[in-house]
Amino acid sequence: MAGDLASASALQCLVEQLKLEAGVERIKIPQAAAELQQYCMQNACKDALLVGVPAGSNPLQEPRSCALL
Amino acid sequence: MATEALHENETLASLKSEAESLKGKLEEERAKLHDVELHQVAERVEALGQFVMKTRRTLKGHGNKVLCMDWCKDKRRIVSSSQDGKVIVWDSFTTNKEHAVTMPCTWVMACAYAPSGCAIACGGLDNKCSVYPLTFDKNENMAAKKKSVAMHTNYLSACSFTNSDMQGCDKKAMVWDMRSGQCVQAFETHESDINSVRYYPSGDAFASGSDDATCRLYDLRADREVAIYSKESIIFGASSVDFSLSGRLLFAGYNDYTINVWDVLKGSRVSILFGHENRVSTLRVSPDGTAFCSGSWDHTLRVWA
């Protein structure tokens, strides 16, 4: 009996959770995709890994000098 | 009594069928809006050119597999943790080790840099998350100043100083509302365990890397998967993913020792990076997006730009 009650309440939780997820408001993919694309385009110029940086401005890309001790 | 038992069985059965019909309805709703994929929408976007990304620094010093790493907000310092039980703070420009802490356990699976840059958090098989304030005073023993901030019932696999509101558990990626503590969206399209999830820079989507050898992009407002990043030749799991600053590139570290760079919009691979001599276990783009760092089971970290 107790076992049945436990699985009933677990199922109840699942049903509530699924109702919540089913009720989420969704937008269409073309619109969502267009917005993702727009974000990329708007920020592309700031993306150093995408467009590169002027020579000398990234300390990681400079050749490092070695000191011989 | 008999009638009570009958009633409970009916309730169970009706709940089960309601759950099934709701699951079916959810799939239907999601399918309704799926008339086109991201790469189709992005067809007119200019293709990316050749990428020249190289290892600019190799951080050597760990005695065993590197399990986790994080960048400091100063875009220069990196904290890494390893199976050797050590947590090291590096200056990525000079490759100098600035701090080293020996944890009381091996397998330090998680580490994070505080936004202030003044402390690091780490944890692993010791089941807790410890915060160490960083000090340059050679007379101070860092280990003595440590504070335990959380006790878990099992090992710590990830920690972060900001609200981490996503979790990959098994094949499901779940999005949680931190205020209500509820799961608001769940995605289950991967065919195997998800190892890593990361938000798209705008916050409207997230990427996941999985043992099924694919990375996928999920849009939160469309409530579905919008892209899959995969190739027949890639058969090993993706352990770790991160976006470039604009979200156009997705860097993914794999168990076949490589890092694949994907064009997020077009779905194609733009570059494959070799260098590590064992599985790539962790990968993060620097805070200003000028470089990214990968950690590996080959005991090293590499900074790429």
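The values are calculated or read from the model by the stated rules, or taken from the named source; none is laboratory data. Just so it is clear, the model here is predicted, and its values are computed rather than measured. For neighbour counting, all protein chains shown are included, and Cβ atoms are generated from backbone atoms with ideal geometry for every residue, glycine included.
Find all pairs meeting these conditions: Cβ atoms under 7 angstrom apart; at least six residues apart or on different chains; first residue within the stretch B:222-239 and over 14 Å from residue B:192 (Cα atoms); second residue buried (at least 20 other Cβ atoms within 10 Å of the Cβ) and among the acidic types (Asp, Glu).
Listed by first residue and then by second, the contacts come to B:226/B:219.
Could you pull out the residue among B:199, B:257 that is at pLDDT below 95 and under 29 Å from residue A:58 (Cα atoms)?
Matching residue, one of B:199, B:257: B:199.
Please tell me if residue B:14 is surrounded by 12 or more Cβ atoms within 10 Å (Cβ to Cβ), assigned to a strand (DSSP E or B) and more than 8 Å from every other protein chain (Cβ to nearest Cβ).
Numbers: surrounded by 12 or more Cβ atoms within 10 Å (Cβ to Cβ): yes; assigned to a strand (DSSP E or B): no; more than 8 Å from every other protein chain (Cβ to nearest Cβ): yes.
No: the conditions fail for residue B:14.
Would you mind stating whether residue B:22 is touching a helix residue (DSSP H, G or I) at 6+ places or on another chain (Cβ under 6 Å), facing another protein chain (nearest Cβ under 8 Å) and not β-branched (Val, Ile, Thr)?
yes
Tally the residues that are in a loop (DSSP other than H, G, I, E, B) and within 13 Å of chain A (Cβ to nearest Cβ), restricting the search to the stretch B:266-305.
So the answer is 9.
Quick check: anything in the stretch B:24-46 basic (Lys, Arg), touching a residue at least 60 places away in the same chain (Cβ under 8 Å) and in a loop (DSSP other than H, G, I, E, B)? Can you show your working first?
Taking the stretch B:24-46 and keeping what is basic (Lys, Arg), we get B:25, B:30, B:32, B:44.
Narrowing further to those that are touching a residue at least 60 places away in the same chain (Cβ under 8 Å): B:30.
Subsequent filtering for residues that are in a loop (DSSP other than H, G, I, E, B) retains none.
No, there is no match, as no residue in the stretch B:24-46 is basic (Lys, Arg), touching a residue at least 60 places away in the same chain (Cβ under 8 Å) and in a loop (DSSP other than H, G, I, E, B).
Just give me the residues in the stretch A:44-57 being part of a loop (DSSP other than H, G, I, E, B) and either within 7 Å of another protein chain (Cβ to nearest Cβ) or aromatic (Phe, Trp, Tyr) (or both), in sequence order.
Residues satisfying the conditions are A:47, A:53.
Quick one: which residue in B:36, B:52 is within 14 Å of another protein chain (Cβ to nearest Cβ), closer than 25 Å to residue A:31 by Cα and out of contact with any strand residue (DSSP E or B) (no Cβ under 6 Å at 6 or more places or on another chain)?
Going through B:36, B:52 in turn, the sole match is B:36.
Regarding the stretch A:24-43, can at least one residue be identified that is at pLDDT below 80 and either more than 7 Å from chain B (Cβ to nearest Cβ) or farther than 17 Å from residue B:247 by Cα (or both)? Before you say what the answer is, go through the steps one by one.
Initial filter on the stretch A:24-43 (at pLDDT below 80): A:24.
Restricting the remaining residues to those that are either more than 7 Å from chain B (Cβ to nearest Cβ) or farther than 17 Å from residue B:247 by Cα (or both) gives A:24.
For the stretch A:24-43, residues at pLDDT below 80 and either more than 7 Å from chain B (Cβ to nearest Cβ) or farther than 17 Å from residue B:247 by Cα (or both): present.
Just to be sure, is residue B:186 in contact with a helix residue (DSSP H, G or I) (Cβ under 7 Å, 6 or more places away or on another chain) and surrounded by fewer than 18 Cβ atoms within 10 Å (Cβ to Cβ)?
yes
So, of the residues in the stretch B:41-57 that are β-branched (Val, Ile, Thr) and surrounded by 13 or more Cβ atoms within 10 Å (Cβ to Cβ), which turns out to be farthest from residue B:94 (Cα to Cα)?
So the first thing to find is which residues in the stretch B:41-57 are β-branched (Val, Ile, Thr), and the list is B:41, B:45, B:52, B:55.
Within this subset, residues satisfying the condition of being surrounded by 13 or more Cβ atoms within 10 Å (Cβ to Cβ) are B:41, B:45, B:55.
Numbers: B:41: 43, B:45: 39, B:55: 14 Å.
Only one residue tops the list, namely B:41.
Quick one: in the stretch B:246-265, of everything that is hydroxyl-bearing (Ser, Thr, Tyr) and either closer than 15 Å to residue B:286 by Cβ or part of a loop (DSSP other than H, G, I, E, B) (or both), which residue is nearest to the other protein chains (Cβ to nearest Cβ)?
B:246
From B:67, B:38, grab the single residue that is at pLDDT 85 or above, buried (at least 22 other Cβ atoms within 10 Å of the Cβ) and in contact with a helix residue (DSSP H, G or I) (Cβ under 9 Å, 6 or more places away or on another chain).
Checking each option against the conditions leaves just B:38.
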